[in-house]
Structure formats: C-alpha cells, structure tokens
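Notes to accompany the following structure.
The values are calculated or read from the model by the stated rules, or taken from the named source; none is laboratory data. Bear in mind that the values here come from a model prediction, so they are computed numbers and not experimental data. As a convention, Cβ positions derive from the backbone with ideal geometry for all residues, glycine included, and neighbour counts pool all protein chains shown. Heads up: the accessible areas ignore ligands, DNA and RNA and are worked out on the full protein's heavy atoms, side chains in. Shrake-Rupley method; radii C 1.70, N 1.55, O 1.52, S 1.80 Å.
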Amino acid sequence: MLYLRAAEALFNGPCGIYELTDGAKVFYKIFKDKDGLMNYLLENPEKRCPLGEALHETEEFRPVVEGQIRKLDKDEVEEYLREREVDE
C-alpha cells in the first residue's frame, strides 16, 4: 500500500494495483488508470491481466502534504544504506 501511495504522489491522482501474469508467474503492477494497463499490455503481448480490473483502487485521492514525501539528500541516502548494512 505504501508503493500505491507513492505512485499516487508521483501521478498526483488515484492509482490501482493490477494482477498480471506471463503464464509462468504472477506479479503486480501499479497503473494510474485502465488506459495505462491497456498500453502496457499492448507493448507486452506475453503479459495478461486475468481480472481485467484493479485488485485495489484508491476510493478517495488525498493530495500529498508538503514535506510528506521528499527526495533524500546524499547524506541521508548514505546514512540509510549504513543502517541497512547493520540490520542485515
């Protein structure tokens, strides 16, 4: 759900999570709307969306509050990576 919220912040609108398959495996992608899904399927004919609709869609889009999502600066990225190394 966090990925969905991040996608909505990038697209500045509601998005949906779609279940896709290539015959061998099942995976999930986020699209802004059904047109985005259809364009993806046209460009990737080996992929299918069995349901033809989103597994989950945001019912009400909430715009991002300033400071809620932001790009990390170089020092913050390095600190984050150091913390991950310690956790592993």
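Applying Stokes-Einstein at 37 °C and 0.692 mPa s to the Kirkwood radius of the chain, computed over alpha-carbon pairs, gives a translational diffusion coefficient of 216 µm² s⁻¹. Beta bridges from DSSP with both residues in the chain: antiparallel share about 100 percent, rounded to the nearest 5. In the context of the full protein assembly, R48 retains an accessible surface of approximately 140 Å², using a probe radius of 1.4 Å and ignoring ligands and nucleic acids. Shape class of segment 1-48 from the alpha-carbon gyration tensor: oblate, with a/c at 1.5 or above and b/c at least as large as a/b.
Here's the list of lysines a cross-link from K32 could span, going by alpha-carbon distance under 19 Å and ignoring same-chain residues fewer than 8 apart: K47. In the chain, a dipole from Cβ-located charges (positive for Lys and Arg, negative for Asp and Glu) runs towards its positive end, and of I17, F27, N39 it is N39 whose Cα lies farthest in that direction.
When the helices of the chain are scored as -39500 (n - 2.57) per DSSP H run of n ≥ 4 and the total is divided over every residue, the value at 222 nm lands at -12000 deg cm²/dmol. Normalised by the number of residues in the chain, the average gap of Cα pairs under 8 Å and 6 or more apart makes the relative contact order 30 percent. Backbone amide hydrogens, once placed in the peptide plane, bring F31 within less than 5 Å of G16, Y18, excluding anything fewer than 5 places away on its chain.
Spacing of the modelled spin labels on V64 and A24, each 7 Å from Cα toward Cβ, amounts to 3.5 nm.
Basic side chains Lys and Arg get +1 at the Cβ, acidic Asp and Glu get -1 at the Cβ, and with that the dipole of segment 1-41 about its Cα centre reaches some 80 debye.
Under a model in which nothing but the beta-carbon of Lys, Arg (+1) and Asp, Glu (-1) is charged, the chain shows a dipole of about 360 debye around its Cα centre.
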